[in-house]
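S.K.: Shown below is the structure under consideration.
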Amino acid sequence: MTPDTALPTGGDSYTHGTGTTALLGDTIGGNLDRAIAAFPEREALVDVSSGRRWTYGEFGDDVGELARALMARGVAKGDRVGIWAVNCPEWMLTQYATARIGAIMVNINPAYRAHELEYVLRQSGVSLLIATPTHRTSDYRAMVEQVRGGCPELRAAHYIGDESWHELLSAATEVTSDQLRAREAELSCDDAINLQYTSGTTGFPKGATLSHHNILNNGYFVGETVGYTEQDRICVPVPFYHCFGMVMGNLAATSHGACIVIPAGSFDADTTLRAVQQERCTSLYGVPTMFIAELNLPGFAAYDLSSLRTGIMAGSPCPVEVMKRVVAEMNMAEVSICYGMTETSPVSTQTRRDDDLERRTGTAGRALPHIEVKVVDPVSGVTVPRGEAGELCTRGYSVMLGYWNDPERTAEVIDAGRWMHTGDLAVIREDGYVQIVGRIKDMIIRGGENVYPREVEEFLYTHPKIADVQVVGIADERYGEEILACVIPRDPARPPTLEDITSYCREQLAHFKIPRRVEIMDAFPMTVSGKVRKIELRERFSG
């Protein structure tokens, strides 16, 4: 039993992570200072596409310059500063500069259009916005001007790389280093420091309010669990605007003196593996669809991935067969699965480096140190016996302060005991490991039988003709719901038929779990953070 193993606690679905490492009491700026002092000459950040590199000493200087510039432009403690950009060094500089001055950084999804941008700017009260001028076909500058009238608190917008950006940085000379230190001395680790807007698949997104203590500790313990040191180089193709990038990536790295490698502004499978090869990365991040794209590259075997030892797969349920290939073919013997949500900073459970293949491919790990998890009946709220499915709840330092200016919706998910209700269906096994069964809202009820899409998907991933699959429920007059399998074939010229799939399932799955309909697709509708939009699949194929 490893030191952070939680002992069994009877027959109920409750467990907690223990350990010998204490929580950090730092602010993010204070923690960065410690890394700079310890590793001033080690690389902190590499931007592959531009060729720019920063040592920890240089990174600290540039963070300080931007922090002083923001102060000179009137940004006070608690003010909201928006960041609307794909992955780039300036995104990371903004993350740490706002933390140094106690401003609340508001992460804005690069895929947002004008009405979504206006909602977030207005709801959060952003006073200063940092953005890229354009991204793909989006003209960010034009959209900002379009919505400005509806955002009365927005005083200024600065665009990375252009004249307004240089004008902002030039203001740094108006504030001294002593004034910056005085501001930092006013900060508490419990201050709100970050607003992350959840994906909002129904209604407008909600702003999860996170503190230094929330996200710094979560990044630190994720990094501890995969064994990061100053020797590690972490390739981060997942978006910074999401917790996966900025917490599990950036904060996990800087709290250990490790280096962040940005392969590109947004994900590209070839560019990512080239970055791993060129920069000798030891760790690679991705959601399952990213790893699937990398493994399926025509010249995959030619990439030199020998430097890899670990990485993190998260963001949505990780298919067992994909995980096995990542371990075997990408040299990631210590790869870890993380489970969590934006509202919990984000990680609650994680697999360990010494876990056997079954645990690392068949579970979402166990509770991180200082975090409690339990599984309850979704209706009664009573903790269920171990091995039974129910709603996963989590409690600890990682639970958000609340939704920004929305106490009503906060109360819907955080109960009186400070348990965060995730909306996910899970099972806690006898060994304390957690298996995610699916989303409560994704569960299919066919003729009175509960069908968990994850179980069916895992089985279908073993079909030789299937590269990727999503299972959803669609309306059916006779059974209430029927099972649809949306399939991306390995060979588009020879896709599996409904009969292929039915006969493959017949001996292995109960009859009520077998898909009754198949749709062949080129790609799934995705959020920018890499999650499949199952609601869109249901809507597209219903009726």
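S.K.: Which residue, of PHE459, PHE524, is of a type in the set (Phe, Trp, Tyr), within 21 Å of ALA389 (Cα to Cα) and at pLDDT 90 or above?
M.R.: None of the others qualify; the one that does is PHE459.
S.K.: Out of all the residues in the range 117-153, which are in contact with a helix residue (DSSP H, G or I) (Cβ under 6 Å, 6 or more places away or on another chain), free of Cβ contacts under 8 Å to residues at least 40 places away in the same chain and open to solvent by less than 70 Å² (accessible area, probe 1.4 Å)?
M.R.: LEU117, GLU118, PRO133, MET143, VAL147, GLY150, CYS151
S.K.: Another question, then. Look through GLY365, GLY396 and report the one residue that is of a type in the set (Gly, Ala, Ser), open to solvent by less than 20 Å² (accessible area, probe 1.4 Å) and modelled with pLDDT of 95 or more.
M.R.: Going through GLY365, GLY396 in turn, the sole match is GLY365.
S.K.: Output the residues belonging to the range 343-361 that are outside any loop (DSSP other than H, G, I, E, B) and among the β-branched types (Val, Ile, Thr).
M.R.: Of the residues in the range 343-361, the ones outside any loop (DSSP other than H, G, I, E, B) are 343-344, 347-350, 357-361.
Result: THR344, VAL347, THR349, THR361.
S.K.: Still on this structure: Suppose we filter the range 255-278 for residues that are over 17 Å from CYS88 (Cβ atoms) and either in a helix (DSSP H, G or I) or in contact with a helix residue (DSSP H, G or I) (Cβ under 7 Å, 6 or more places away or on another chain) (or both); how many remain?
M.R.: Within the range 255-278, the subset over 17 Å from CYS88 (Cβ atoms) is 255-258, 269-270, 273-274, 276-278.
Keeping just the survivors that are either in a helix (DSSP H, G or I) or in contact with a helix residue (DSSP H, G or I) (Cβ under 7 Å, 6 or more places away or on another chain) (or both) gives 255-257, 269-270, 273-274, 276-278.
Matching residues across the range 255-278 total 10.
S.K.: Related question: Check ALA523 against each of (1) surrounded by 16 or more Cβ atoms within 10 Å (Cβ to Cβ); (2) of a type outside the set (D, E, K, R); (3) out of contact with any Asp or Glu (no Cβ under 7 Å at 6 or more places or on another chain) and name the one condition it does not meet.
M.R.: (1)
S.K.: Of the conditions (1) within 18 Å of the chain's Cα centre (by Cα); (2) on the phi < 0 side of the Ramachandran plot, SER345 clears all except one; give me its number.
M.R.: Exception for SER345: condition (2).
S.K.: Of all residues in the range 44-84, how many are of a type in the set (Gly, Ala, Ser), buried (at least 22 other Cβ atoms within 10 Å of the Cβ) and within 20 Å of LEU121 (Cβ to Cβ)?
M.R.: Total meeting the criteria: 1.
S.K.: Among the listed residues GLY438, GLY432, which satisfies the condition of being touching a Pro at 6+ places or on another chain (Cβ under 9 Å) and either within 20 Å of ARG533 (Cβ to Cβ) or of a type in the set (S, T, N, Q) (or both)?
M.R.: Answer to the selection: GLY438.
S.K.: Just to verify a result, which residue in the range 3-35, among those that are β-branched (Val, Ile, Thr) and open to solvent by 40 Å² or more (accessible area, probe 1.4 Å), is modelled with the highest pLDDT?
M.R.: Looking at residues that are β-branched (Val, Ile, Thr) and open to solvent by 40 Å² or more (accessible area, probe 1.4 Å), I get THR21.
S.K.: Can you tell me which residue is nearest to THR15 (Cα to Cα) among those in the range 368-377 that are open to solvent by less than 10 Å² (accessible area, probe 1.4 Å) and in contact with a Ser or Thr (Cβ under 6 Å, 6 or more places away or on another chain)?
M.R.: Result: VAL373.
S.K.: Same structure again: Would you say ASP424 is among the acidic types (Asp, Glu), open to solvent by 30 Å² or more (accessible area, probe 1.4 Å) and in contact with a strand residue (DSSP E or B) (Cβ under 9 Å, 6 or more places away or on another chain)?
M.R.: No.
S.K.: I've got another one for you. Can you give me the number of residues within the range 202-226 that are small (Gly, Ala, Ser) and farther than 25 Å from THR21 by Cβ?
M.R.: 3
Condition check ((1) open to solvent by less than 10 Å² (accessible area, probe 1.4 Å); (2) touching a residue at least 60 places away in the same chain (Cβ under 8 Å); (3) at negative phi; (4) polar (S, T, N, Q)) across all residues:
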| position | (1), (2), (3), (4) |
| --- | --- |
| GLY223 | yes, no, yes, no |
| GLN231 | no, no, yes, yes |
| VAL236 | yes, yes, yes, no |
| TYR241 | no, yes, yes, no |
| GLY249 | yes, no, yes, no |
| ALA253 | yes, yes, yes, no |
| ALA258 | yes, no, yes, no |
| VAL261 | yes, yes, yes, no |
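S.K.: When you go through THR176, THR209 one by one, which is the residue that is open to solvent by less than 40 Å² (accessible area, probe 1.4 Å) and either in contact (Cβ under 8 Å) with a residue 60 or more places away in the chain or within 16 Å of ILE28 (Cα to Cα) (or both)?
M.R.: It is THR209.
S.K.: Further question: Would you check which residues across the range 16-44 are over 22 Å from ASP190 (Cβ atoms) and in contact with a helix residue (DSSP H, G or I) (Cβ under 6 Å, 6 or more places away or on another chain) and list them?
M.R.: ILE36, PHE39, PRO40, ARG42, ALA44
S.K.: Give me a count of the residues in the range 399-410 that are open to solvent by less than 70 Å² (accessible area, probe 1.4 Å) and either of a type outside the set (S, T, N, Q) or over 21 Å from the mean Cα position of the chain (by Cα) (or both).
M.R.: 7
The values are calculated or read from the model by the stated rules, or taken from the named source; none is laboratory data. Quick caveat, the model's predicted, so the values are computed rather than measured. Because the Cβ atoms are built from the backbone with ideal geometry, glycine has one as well, and the counts that use them run over all protein chains shown. Just the protein is used for accessible areas: all its heavy atoms, side chains included, with ligands, DNA and RNA removed. Shrake-Rupley method; radii C 1.70, N 1.55, O 1.52, S 1.80 Å.
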